[in-house]
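Computed from the coordinates by the stated procedures, all read-outs in this text should not be read as laboratory data. No experiment lies behind these values; they were computed from the predicted model shown. Virtual Cβ from ideal backbone geometry, glycine too; neighbours counted across all protein chains shown.
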């Protein structure tokens, strides 16, 4: 799942980034202009939207999205706690409204609920041979045993299993690492792939020379 966090407060943004990047692929921006640009360039599954931003009100952008027919779930995160303000946010097209400050577990629970609703219910397991992936819990199992993967490894393997049997380009996988906040250099992707092979077996991830990598269903 790919989330867009629109939050201008630096300290809160850092805390949310740390919390969410362990579970989801995440973009974090701090202005409406950046939110518009990033959302237009990527296929986010959920938007976490602050309202009081340096270059405008988040409700303005939310109204633009809904007027354009965009149905991506939006969860407002705001210190505006009056009843009329919460009602205005929901009437403007938000799918949920969470008042700051909030507990991390409640935020995660509301995100899970919106993602389930957006997908029409619980998401089915994705399987490639003996490897399975639960998109809701972000967990992988091999031969019914759970795999202990880092957030970066989980993100890469999620991309590979969704394209099982097909080649995934290096550029697509590097984009995944950038989205997870990974400092990417020329060797980062190879290091992460090596880590996956150690747990899955070398034969399960093939190098397609000059193109990228392919997960082999075994």
Antiparallel as a % of all DSSP beta bridges within segment 2-118, to the nearest 5? 10
Here the equivalent ellipsoid of segment 126-215, derived from its Cα gyration tensor, has semi-axes (largest first, whole Å) of 19, 15, 12
Using only the Cα atoms, work out Rg/Rh for segment 2-118, with Rh taken as the Kirkwood radius, to two decimals. 0.91
Structure-based [θ]222 nm, the chain - -39500 (n - 2.57) summed over DSSP H runs of at least 4, per residue, nearest 500: -13000 deg cm²/dmol
Taking R0 as 41 Å, what FRET efficiency do you get between residue 117 and residue 209 from their Cβ-Cβ distance, rounded to the nearest 0.05? 0.45
Quick one: if you stick a label point 7 Å off each Cα along the C-beta vector at residue 90 and residue 68, how many nm between them? 2.6
Share antiparallel - DSSP beta bridges, the chain, percent rounded to 5: 55
Taking only Cα atoms, what is the 0 to 90° angle, nearest 10, from helix 104-118's long axis to the longest principal axis of the chain? 80
Taking r as the C-beta separation of residue 163 and residue 9 and R0 as 30 Å, the FRET efficiency to the nearest 0.05 is 0.25
By the mean-Cβ-within-10 Å protection proxy, highest first, 60-66, 71-77, 158-164, 105-111 rank as 71-77, 158-164, 60-66, 105-111
In percent, what relative contact order does the chain have, based on Cα pairs under 8 Å that are 6 or more apart in sequence? 16
Have a look at segment 68-157 and give its Rg and Dmax from the Cα atoms, expressed in angstrom. 17.1, 52
Restricted to Cα positions, what overall size does the chain have along the principal axes? Three whole-Å values, descending. 58, 34, 32
Virtual paramagnetic centre 7 Å along Cα→Cβ of residue 172, amide N under 18 Å, in segment 134-156: 135, 153-156
Note down the nm distance, to one decimal, between modelled labels 7 Å out along Cα→Cβ at residue 216 and at residue 106. 5.1
Obtain the nm distance between the two label points defined at residue 134 and residue 150 by a simple spin-label model: each point lies 7 Å from its Cα along the Cα-to-C-beta direction. 2.4
